[in-house]
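Below is one structure, written out as structure tokens, with a few remarks after it.
The values are calculated or read from the model by the stated rules, or taken from the named source; none is laboratory data. Bear in mind the structure is a predicted one, so any value in this text is a computation, not a measurement. So basically every Cβ, Gly included, is an ideal-geometry build from the backbone, and we count neighbours across all protein chains shown.
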Amino acid sequence: MRWKGLMSGVKAAAAAALLPLLLAAGPSKAVDFSKASADFGPEGAWTNQCDIDRMTDNKTCRLMIYRLFDDGKDVGFVALSIIPTGNDFHLFLTTSQGLVDRCAIRVDRQPRIETQIATLNMCMFPNFVSGRVADQFRNGSTILVRVSFPRMGKRDIDFPLNGFSRTFEEMQRSLQ
């Protein structure tokens, strides 16, 4: 049953967010992934979330987009998150599928950008603004993401860039 496949690979936060969808589907119905999760927002849309850290009283923000997949043998998600770090931002690619070897992103027909800063369930692309990746995101229409796994090969997922510029600017304003 897909329940075990999904739960074994999904991180705890994603599992908690998707649990109401899974329970609402019941044992005899298929899971409807088209319904938006309250925590992550609608699938394929850029969302901005800012909170006050209860321990430090500092504002923390995150810009995020995610895609769910079910290719018949695997069920899970791939997400992109942009998080402020000091004077810049880092781009994180997170997946529900375990140990990641390396990742690459490609905006439209631009040259791909690769990183080997990878670990369990994620890759990191540092220097999002100073490395000019933010400019590619602002001027592009789609992102192709490739996640390479040591044992499972690779997975390619497309993300839309419509709404990115507006949401990124909102996040920057809310951090000031």
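Exactly one condition in (1) surrounded by 13 or more Cβ atoms within 10 Å (Cβ to Cβ); (2) outside any strand (DSSP E or B); (3) among the charged types (D, E, K, R) is false for Arg155; which is it?
All conditions are met except number (2).
Provide a single number: the residues in region 98-113 that are assigned to a strand (DSSP E or B) and crowded, with 18+ Cβ neighbours inside 10 Å.
The qualifying residues number 5.
Kindly indicate whether Gly140 is modelled with pLDDT under 95 and surrounded by 15 or more Cβ atoms within 10 Å (Cβ to Cβ).
On the way: modelled with pLDDT under 95: no; surrounded by 15 or more Cβ atoms within 10 Å (Cβ to Cβ): yes.
When the stated conditions are applied, Gly140 does not pass them.
Determine which member of the set Ala104, Ala118 is at pLDDT 95 or above, under 19 Å from Val147 (Cβ atoms), in contact with a strand residue (DSSP E or B) (Cβ under 8 Å, 6 or more places away or on another chain) and of a type in the set (A, V, I, L, M). Full working, then the answer.
Working: Ala118 fails: at pLDDT 95 or above.
Exactly one of Ala104, Ala118 is at pLDDT 95 or above, under 19 Å from Val147 (Cβ atoms), in contact with a strand residue (DSSP E or B) (Cβ under 8 Å, 6 or more places away or on another chain) and of a type in the set (A, V, I, L, M), namely Ala104.
Of the residues in region 114-145, how many are in a strand (DSSP E or B) and not acidic (Asp, Glu)?
Selection size over region 114-145: 13.
Do the conditions hold for Val147, that is, is it among the hydrophobic types (A, V, I, L, M, F, W, C), within 15 Å of the chain's Cα centre (by Cα) and at negative phi?
So Val147 passes the test.
Just name the residue that is surrounded by the fewest Cβ atoms within 10 Å (Cβ to Cβ) out of those in region 45-84 that are β-branched (Val, Ile, Thr), out of contact with any Gly (no Cβ under 9 Å at 6 or more places or on another chain) and closer than 20 Å to Ile105 by Cα.
Among those residues, the one meeting the criterion is Ile83.
Out of (1) touching a strand residue (DSSP E or B) at 6+ places or on another chain (Cβ under 7 Å); (2) surrounded by fewer than 17 Cβ atoms within 10 Å (Cβ to Cβ); (3) not aromatic (Phe, Trp, Tyr); (4) not in a strand (DSSP E or B), the odd one out for Met171 is which?
Failing condition for Met171: (2).
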